[in-house]
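The values are calculated or read from the model by the stated rules, or taken from the named source; none is laboratory data. If you're wondering where the values come from, they're calculated on a predicted model, not measured in any experiment. As a convention, Cβ positions derive from the backbone with ideal geometry for all residues, glycine included, and neighbour counts pool all protein chains shown.
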Ligand SMILES: [Zn+2]
C-alpha cells in the first residue's frame, strides 16, 4: 500500500472566504495547511516564482506539508517542451528556484501540463524527459488523446515519469501508473469553464476504486481537485477522503461546515429579461428587430455569454421554418414550431425554462441562424408565448 496525498489545486481563491476560510485577511496558505497536507501550486504556471514566494511556501506550512507545482507555461505552452528552444535551461532555472522546497522534503512532484495542440510526438517527449533534472519527480498531463498509447507508457516507465490521470471533458478517465508516483487531477465536468463544477456523490464514488488501484500500484499517489469555484474543490476533496476512509476528525468537521455553507447559499435568481414581454402588444412584437426580440427572451448577462461561445462550437443540423435542430458544445437544442416546443438540456435551462426564458446556448443558436428565420421564429414565440412549452429532453424521452 502506497501513501496517498489529497488536496486542492491552489488555495488562494476569493470565493473560498465564507465556505472555507473564516476571514479575508488571514494567511490563506496557513489556514489551508491546517486542513490539507498537500496543495498544487498553480501560480508557477504563469511565471517563475520569486525567492521570497518559495520561502513563504516553505515557512507558512507545517513540516510535513508537501507541494506539487506546475511547470511554467513558457516551457509547456510556449516552447512546447522543445529542447532546441532552450527548455533545458528553463528547467534548470525553475528547479533551482524550487530547490528550497525540494531540500526540505516539501516538493512531491512537478507537473507538466501540455496544451491541447501538442499531439503525440515521442521523440519530442523523450528529449524533454532526458533533460529533466533527475532529482525531481515529474508528472505529464495530456490534453490530447493521441498520447494515450503503449509507446507513451513504455517511455514514461523508462524515465519514471507519471502519467497524469484526469477527470475532465477532453480525455477518458484512464488509470495508468507509469512510475513510482501516481498523479490524479479532478478538473470538473462543467460546460465552461470545467472548474465550475460540483461532483455528485456517485461521481466521486466511481473514482474510489480507481484511486485505490493507484495506491496499490504506486509508492505515492498525489491527487488534486481543481474545481475551485465556490470552494467545490474543498468539499469534493474532503468527501473523497471520507469515501476512501482517509479522513481525520478535524477534516470531517470542515467538510460539514463547507457543506452547510454551500447548502444555505442563496440560489441563483431566475433570469430577468431587459425587455418584459408583457409590455408589448403583438403588433409591436411583429415590428421588432432581432436585437430587441432577443432581449425579450434573454437577459443581458446571458446574451453576453452567448456571444462568448465560438461559432465553431455550434452545429446547425436543421433550420427550416418548422424545425430547428442544433448542438452547442455537448448540448442539444430543438425548436419545434408546429408543436410549439423548445427542448434543451443544460443546467441553466432548469432556471430559464420555467419562466420561459432562454439560456446562452439557445441564444447562440438563434444568433447563428439566418437573421430572417430567427426573427420570424422569435416573433412567433413572442406573440403566442402561453402556448409554447420550454422543456428538458429527459421529460420527452420518458
Ligand atoms: Zn443552455
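If I filter the stretch 278-293 for residues that are free of Cβ contacts under 8 Å to residues at least 60 places away in the same chain, in a helix (DSSP H, G or I) and within 34 Å of the chain's Cα centre (by Cα), do I get at least one hit? Among the residues of the stretch 278-293, at least one is free of Cβ contacts under 8 Å to residues at least 60 places away in the same chain, in a helix (DSSP H, G or I) and within 34 Å of the chain's Cα centre (by Cα), which makes the answer yes.
Scoring residue 64 on the criteria (1) within 28 Å of the chain's Cα centre (by Cα); (2) free of Cβ contacts under 8 Å to residues at least 40 places away in the same chain leaves a single failure, condition (1). A Cβ distance below 6 Å, combined with a sequence gap of six or more or placement on separate chains, defines the contacts here; from the stretch 106-117, residues that are assigned by TED's automatic domain parsing to the domain that holds residue 80 reach residues that are in a loop (DSSP other than H, G, I, E, B) in the pairs 109/137; 110/71; 110/136; 112/71; 114/142; 114/143; 116/143; 116/144. In the set (1) without any contact (Cβ under 8 Å) to a residue 40 or more places away in the chain; (2) in a helix (DSSP H, G or I), residue 325 fails one condition alone, (2).
The set of residues in the stretch 294-308 being free of Cβ contacts under 8 Å to residues at least 60 places away in the same chain and assigned to a loop (DSSP other than H, G, I, E, B) consists of 299 alone.
Screening the stretch 329-339 for residues that are touching a helix residue (DSSP H, G or I) at 6+ places or on another chain (Cβ under 6 Å) and modelled with pLDDT under 95 and picking the one that is farthest from the ligand (Cβ to nearest atom) gives 329. Name the residue, out of 358, 343, 323, that is under 16 Å from residue 393 (Cα atoms) and within 10 Å of the ligand (Cβ to nearest atom). After applying the criteria, what remains is 358.
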